[in-house]
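Everything on this sheet refers to the single structure shown next.
The values are calculated or read from the model by the stated rules, or taken from the named source; none is laboratory data. Predicted model, so just to flag it, every value in this text is computed and none were measured. Counting neighbours? That spans all protein chains shown, and the Cβs are built from the backbone with ideal geometry, glycine included.
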Amino acid sequence: MRFTSRQHLDSGVLEREFTLGETPGTLWTPGSTAPVPLILMAHNNGLPKAQPRLVARARHCAAYGFAVASIDAAGCGDRPLSAADEQARADLGRAMRAGEPVDELFESLVGPLVEGAAPEWRATLDALLAQPGIGGPVGYSGWAALGIRLAVTEPRIAAAGFFAGGYVPRVQRAEARRVGVPLLFLLQWDDEGNPRRRALDLFDAFGSREKTLHANPGGHTGTPWFEVDDANRFFARHLT
């Protein structure tokens, strides 16, 4: 892991850009000198780590006392897509504009993104836990499809917060029954891109004995800011 820039924020948080092989990432750490828990934060369906809503959440979470990391894994953010993924994205955009069914197109795009991203997130986790000041345990926040895969394959993840707004492929919907960590699931009740019934069925499928659903009125990007504070308290209960 090679750090390429550093910036001290007004909140006392240190924000550093890094690379790990071909993977670019950002690490936010609080001012504490004691080892702190780590939260992996990913945006829905491969959007970039620099997306302003993710950055705002990450900085707030770090100011609360956690180390927070996000990466642009293969096919995510500014990293190039494969030819097949480029075609799937073009077909998806055309179908959405025409009002045609899009599930199979989402499947052909998001499924490969999850398969490519999960190994890079695990490699990043290895490198982050070797850094001074990061002691675990580990939480995950954000993109549900990727989070399901990591929660069932990465035993170091002790708690997870998922957003219901991204498409979850069939493989991850089946894997949801194997998710056993404490879970916070955020749902926008009027999300125009995610059928409510599908999100509720996914919540029902999670195997976690402790799972909480927070539903708020509004569209895809309307999650209230107070949910960020609630998520911080959720992670504090399970990681500290």
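Residue check: is residue 194 closer than 17 Å to residue 143 by Cα and at pLDDT below 95?
On the way: closer than 17 Å to residue 143 by Cα: yes; at pLDDT below 95: yes.
Spelling it out, residue 194 is indeed closer than 17 Å to residue 143 by Cα and at pLDDT below 95.
Identify, from the list 165, 161, 147, the residue that is buried (at least 21 other Cβ atoms within 10 Å of the Cβ), in contact with a His (Cβ under 7 Å, 6 or more places away or on another chain) and in contact (Cβ under 8 Å) with a residue 60 or more places away in the chain.
165
Within the bounds of segment 172-187, is there any residue that is buried (at least 20 other Cβ atoms within 10 Å of the Cβ) and touching a residue at least 60 places away in the same chain (Cβ under 8 Å)?
Within segment 172-187, not a single residue is buried (at least 20 other Cβ atoms within 10 Å of the Cβ) and touching a residue at least 60 places away in the same chain (Cβ under 8 Å).
Would you check if residue 138 is closer than 22 Å to residue 191 by Cα and in contact with a helix residue (DSSP H, G or I) (Cβ under 8 Å, 6 or more places away or on another chain)?
Spelling it out, it is not the case that residue 138 is closer than 22 Å to residue 191 by Cα and in contact with a helix residue (DSSP H, G or I) (Cβ under 8 Å, 6 or more places away or on another chain).
Go over the candidates 33, 26 one by one and state the one that is outside any helix (DSSP H, G or I), farther than 13 Å from residue 141 by Cα, hydroxyl-bearing (Ser, Thr, Tyr) and touching a strand residue (DSSP E or B) at 6+ places or on another chain (Cβ under 7 Å).
Step by step, each of 33, 26 is checked, and only 26 is outside any helix (DSSP H, G or I), farther than 13 Å from residue 141 by Cα, hydroxyl-bearing (Ser, Thr, Tyr) and touching a strand residue (DSSP E or B) at 6+ places or on another chain (Cβ under 7 Å).
Could you list, in sequence order, all residues of segment 188-217 that are part of a loop (DSSP other than H, G, I, E, B) and either of a type in the set (D, E, K, R) or in contact (Cβ under 8 Å) with a residue 12 or more places away in the chain (or both)?
Selection gives 189, 190, 191, 192, 193, 194, 206, 207, 208, 209, 210, 217.
Which members of segment 93-106 meet the condition of being buried (at least 17 other Cβ atoms within 10 Å of the Cβ) and farther than 16 Å from residue 116 by Cα?
Answer for segment 93-106, where residues must be buried (at least 17 other Cβ atoms within 10 Å of the Cβ) and farther than 16 Å from residue 116 by Cα: 102, 105.
Out of (1) at pLDDT 85 or above; (2) surrounded by fewer than 19 Cβ atoms within 10 Å (Cβ to Cβ); (3) in a loop (DSSP other than H, G, I, E, B), the odd one out for residue 90 is which?
Here residue 90 clears every test but (3).
Mind checking which residues of segment 6-32 are small (Gly, Ala, Ser) and surrounded by fewer than 12 Cβ atoms within 10 Å (Cβ to Cβ)?
Answer for segment 6-32, where residues must be small (Gly, Ala, Ser) and surrounded by fewer than 12 Cβ atoms within 10 Å (Cβ to Cβ): just 21.
So which residues in segment 5-23 are over 23 Å from residue 235 (Cβ atoms), assigned to a strand (DSSP E or B) and out of contact with any helix residue (DSSP H, G or I) (no Cβ under 6 Å at 6 or more places or on another chain)?
5, 6, 7, 8, 17, 19
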